[in-house]
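Each remark here refers to the structure printed beneath this line.
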Amino acid sequence: MRVFIFILLFLCTSTLTSVGDTYIYKSYLLKEYIHLLSIDKGTNEWMVTSFLLFGLLFAVVADVKEKIKKNRKQS
């Protein structure tokens, strides 16, 4: 469940940001969404991406631990 919420929040925030960029820069939604998700060389966007992936990994591990704990109680 944590993974689903994590992905849903990421998609919602990135889409909302892209919609705002579309109106500001008078561009297309897909173009702005791809630009938002692309990592440019020489920037510190790798830090944001690494923390995003770390958060996703943490959510997956927490869900797996919870599922294992739940299965042990049922046995």
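The values are calculated or read from the model by the stated rules, or taken from the named source; none is laboratory data. Worth saying up front: this structure is predicted, and the values here are computed from it rather than measured. With ideal geometry, Cβ positions are generated from the backbone for all residues, glycine too; neighbour counts draw on all protein chains shown. Heads up: the accessible areas ignore ligands, DNA and RNA and are worked out on the full protein's heavy atoms, side chains in. Shrake-Rupley method; radii C 1.70, N 1.55, O 1.52, S 1.80 Å.
Listing for the model above:
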{"item": "Accessible area of segment 20-75 belonging to carbon and sulfur atoms, whole % at 1.4 Å probe", "result": "67"}
{"item": "Calculated on alpha-carbon atoms, Rg and Dmax of segment 33-75 in Å", "result": "16.7, 53"}
{"item": "Contour minus Cα-Cα distance for THR15 and LEU29 (0.36 nm per residue)", "result": "4.2 nm"}
{"item": "Inter-probe distance in nm under a simple model that places probes 7 Å from Cα toward Cβ, at PHE51 and ARG72", "result": "3.3"}
{"item": "Kirkwood Rh and Cα Rg combined as Rg/Rh, the chain", "result": "1.17"}
{"item": "Label-reachable residues, segment 40-75, where backbone N falls under 17 Å from a point 7 Å from MET1's Cα toward its Cβ", "result": "59-74"}
{"item": "Per residue solvent-accessible surface (Å²) - the chain, probe of 1.4 Å", "result": "89"}
{"item": "Relative contact order (%) - criterion: Cα under 8 Å, at least six apart; region: the chain", "result": "40"}
